[in-house]
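The values are calculated or read from the model by the stated rules, or taken from the named source; none is laboratory data. Given the structure is predicted, the values throughout are model-derived calculations rather than measurements. Glycine gets a Cβ as well: all are built from the backbone with ideal geometry, and neighbour counts include every protein chain shown.
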Amino acid sequence: MWFWLALGSAIFAALTSILAKVGVEGVGSNLATAIRTIVVVVMAWGMVFVTNQQSGIRTISQKSWIFLVLSGIATGASWLCYYKALQMGDASKVVPIDKLSVVITLVLAFVFLHEEFTIKSIIGCILIGVGTMLMVL
């Protein structure tokens, strides 16, 4: 099931990029990000209530709160940078560079989460990096 959800995420992320590139025309990138964020907040809280998970908020540990807030800050910073980059550059160049996050995530997972970094992972990171450079140069 995780594979199908991850594939859905990739499809929606692709749609996000194309829709955002059109939507950000003539709109300040920060305002566009704020509008997008409101929609995301409404959808996320809607899912919380539809799945009846709202009572779980009381059981979240302090550690989880800290890391969820930090993750939210990182997401906000990512979206602000992304929308400004989309506004200034071609989606076909901005998106591949943004997807270098895959390589960065793998390295960070190895360093901080002590996840396995195999030869296959190293080759994949190199190929993603080289492929990104080929697309944007």
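Here are the numbers for this structure:
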quantity	calculated
Hey, Ser9 touching a residue at least 24 places away in the same chain (Cβ under 8 Å), in a helix (DSSP H, G or I), under 21 Å from Met135 (Cβ atoms) and of a type outside the set (A, V, I, L, M) or not	no
Single residue of Val22, Val50, Val103 found to be β-branched (Val, Ile, Thr) and assigned by TED's automatic domain parsing to the domain that holds Met135	Val103
Meets criteria (of a type in the set (Lys, Arg), touching a helix residue (DSSP H, G or I) at 6+ places or on another chain (Cβ under 8 Å) and without any contact (Cβ under 8 Å) to a residue 60 or more places away in the chain) for Lys63	no
Failed condition for Ile66, given (1) closer than 28 Å to Ala32 by Cα; (2) within 18 Å of the chain's Cα centre (by Cα)	(2)
Test result for Ile122, at pLDDT 95 or above, over 19 Å from Ala10 (Cβ atoms) and among the hydrophobic types (A, V, I, L, M, F, W, C)	no
Residue match in segment 122-129 (condition: part of a helix (DSSP H, G or I) and under 30 Å from Glu25 (Cβ atoms))	yes
Neighbours by Cβ (under 8 Å, 6+ apart or cross-chain): first from segment 125-137, of a type in the set (Gly, Ala, Ser); second surrounded by 12 or more Cβ atoms within 10 Å (Cβ to Cβ)	Gly129/Leu100; Gly129/Val103; Gly131/Pro96
Pairs with Cβ under 8 Å, 6+ apart, first in segment 36-51 and in a helix (DSSP H, G or I), second among the aromatic types (Phe, Trp, Tyr)	Arg36/Trp79; Arg36/Tyr83; Thr37/Trp79
Residue within segment 71-87 that is in a helix (DSSP H, G or I), among the small types (Gly, Ala, Ser), surrounded by 12 or more Cβ atoms within 10 Å (Cβ to Cβ) and touching a Lys or Arg at 6+ places or on another chain (Cβ under 8 Å) present	no
Residue match in segment 65-81 (condition: in the same structural domain as Val41 (by TED's automatic domain parsing), of a type in the set (Phe, Trp, Tyr) and at pLDDT below 95)	yes
Total residues in segment 83-94, condition touching a residue at least 40 places away in the same chain (Cβ under 8 Å) and under 15 Å from Gly23 (Cβ atoms)	6
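To keep it simple, each residue is scored yes or no on (1) surrounded by 12 or more Cβ atoms within 10 Å (Cβ to Cβ); (2) basic (Lys, Arg); (3) closer than 30 Å to Ile123 by Cα.
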position	(1), (2), (3)
Ser9	no, no, yes
Gly46	no, no, no
Trp65	no, no, no
Lys93	yes, yes, yes
Lys99	yes, yes, yes
